[in-house]
Amino acid sequence: MRLNKHIAESGFCSRREADRLIAERRVTVNGQPAGIGTQVGEGDQVRVDGRPLVRRPAGGTRRHVYIALNKPVGVTCTTEASVKGNIVDFVGHERRIFPIGRLDKDSEGLILLTSNGDIVNEILRAENAKEKEYLVAVNHPVTDAFLRGMARGGIPMHGQLTLPCRTSRLGKFGFRIVLTQGLNRQIRLMAAHFGYRVKRLVRVRIVNIALGHLKPGQWRNLTDAELRGLLPHRSDF
């Protein structure tokens, strides 16, 4: 197996990120610096920055894959292979996977992907009952009036009104927002309604699943507890 695929399938990072690590001479195989195209087999010891690469198990009896990715800016949440920088190619998973919902190209942070097409629709249908938390940096000082306006809801967007949400200040130019809607570019359009421009937007939580210490480009398999919290009415994963 090619080294970049081996690293990606371990859950350490995407195949593209693995290529970058290899090119930077940060990966060794059996103690020797690896190169692009290096092949690895069973029993070979792969290290990244001197640390052994450990495969992250997805759970003993699961039929499907469920992963959390820290999506970098520039990756597009589509399964269309013709779109350069699409999220499926970025992850490079051995299974056919789909993003659950979206995170626009200019935004970063937590997004879930799965090989189980049934739960994609199930989660999206119930999206207005599921919290999503974001950290946002803007171009003007955050005021109490701005936070109240964002939280109050009622902003016209895509032919409907935004629902009430929760907001709190994070420094002079930042705020936290927790939504239960998932309208296209919602936070950016809400901020623009009050004369603000979003400079950085990071999603850090979806329901009970947190971004945690995942670095941009890295992904991990969801735990059984996370799946039960995300899909409480299911027992077959």
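Scanning the stretch 145-158 for residues that are out of contact with any strand residue (DSSP E or B) (no Cβ under 8 Å at 6 or more places or on another chain), open to solvent by 40 Å² or more (accessible area, probe 1.4 Å) and not basic (Lys, Arg) returns ALA145, PRO156, HIS158. The set of residues in the stretch 205-237 being more than 14 Å from ILE123 (Cβ to Cβ) and of a type in the set (A, V, I, L, M) consists of ALA210, LEU211, LEU214, ALA225.
Candidates are the residues of the stretch 198-230 that are among the charged types (D, E, K, R) and farther than 19 Å from GLY74 by Cβ; the one that is least open to solvent (accessible area, probe 1.4 Å) is GLU226. Only one of the listed residues (ARG47, ARG56) is more than 16 Å from the chain's Cα centre (by Cα), of a type outside the set (Phe, Trp, Tyr) and modelled with pLDDT of 85 or more. That residue is ARG47. Selection within the stretch 114-129: residues that are touching a Ser or Thr at 6+ places or on another chain (Cβ under 7 Å) and open to solvent by 40 Å² or more (accessible area, probe 1.4 Å). The member of this set that is modelled with the lowest pLDDT is ASN128. Scanning the stretch 185-237 for residues that are of a type in the set (Gly, Ala, Ser) and assigned to a loop (DSSP other than H, G, I, E, B) turns up GLY195, GLY212, GLY217, SER235. Restricting the first member to the stretch 219-236 and to residues that are touching a residue at least 60 places away in the same chain (Cβ under 8 Å) and farther than 22 Å from LYS5 by Cα, and the second to residues that are part of a loop (DSSP other than H, G, I, E, B) and among the hydrophobic types (A, V, I, L, M, F, W, C), the beta-carbon pairs closer than 7 Å and six or more apart or on different chains are LEU227/PHE237; LEU230/VAL207. Checking each residue in the stretch 159-179 for being in contact (Cβ under 8 Å) with a residue 24 or more places away in the chain, open to solvent by 40 Å² or more (accessible area, probe 1.4 Å) and either under 17 Å from ARG203 (Cα atoms) or in contact with a Lys or Arg (Cβ under 9 Å, 6 or more places away or on another chain) (or both) picks out ARG169, LEU170, PHE173, ARG176.
Residues in the stretch 65-113 that are of a type in the set (S, T, N, Q) and under 28 Å from ALA129 (Cβ atoms) were compared, and the one that is surrounded by the fewest Cβ atoms within 10 Å (Cβ to Cβ) is THR79.
Restricting attention to the stretch 181-197 and to residues that are buried (at least 16 other Cβ atoms within 10 Å of the Cβ) and of a type in the set (S, T, N, Q), the residue that is nearest to MET150 (Cα to Cα) turns out to be GLN186. Listed by first and then second residue, the pairs linking a residue in the stretch 20-48 that is polar (S, T, N, Q) to a residue that is part of a strand (DSSP E or B) and open to solvent by 60 Å² or more (accessible area, probe 1.4 Å), with Cβ atoms under 8 Å apart and 6 or more places separating them unless they lie on different chains, are THR28/ARG47; THR38/ARG2; GLN39/ARG2; GLN45/PRO52.
Table: residues versus (1) at pLDDT 90 or above; (2) part of a loop (DSSP other than H, G, I, E, B); (3) more than 27 Å from LEU112 (Cβ to Cβ).
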{"position": "LYS5", "(1), (2), (3)": "no, no, no"}
{"position": "ALA8", "(1), (2), (3)": "no, no, no"}
{"position": "CYS13", "(1), (2), (3)": "no, yes, no"}
{"position": "THR28", "(1), (2), (3)": "yes, no, yes"}
{"position": "THR61", "(1), (2), (3)": "no, yes, no"}
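Of all the numbered requirements in (1) modelled with pLDDT of 95 or more; (2) outside any loop (DSSP other than H, G, I, E, B); (3) under 19 Å from the mean Cα position of the chain (by Cα), ASP106 misses one, and that requirement is (2).
The values are calculated or read from the model by the stated rules, or taken from the named source; none is laboratory data. What you are looking at is a predicted structure, and each value in this text was computed from that prediction instead of being measured. Note that each Cβ is placed from the backbone with ideal geometry, even for glycine, and that neighbours are counted across all protein chains shown. Only protein heavy atoms, including side chains, enter the accessible area calculation; ligands, DNA and RNA are left aside. Shrake-Rupley method; radii C 1.70, N 1.55, O 1.52, S 1.80 Å.
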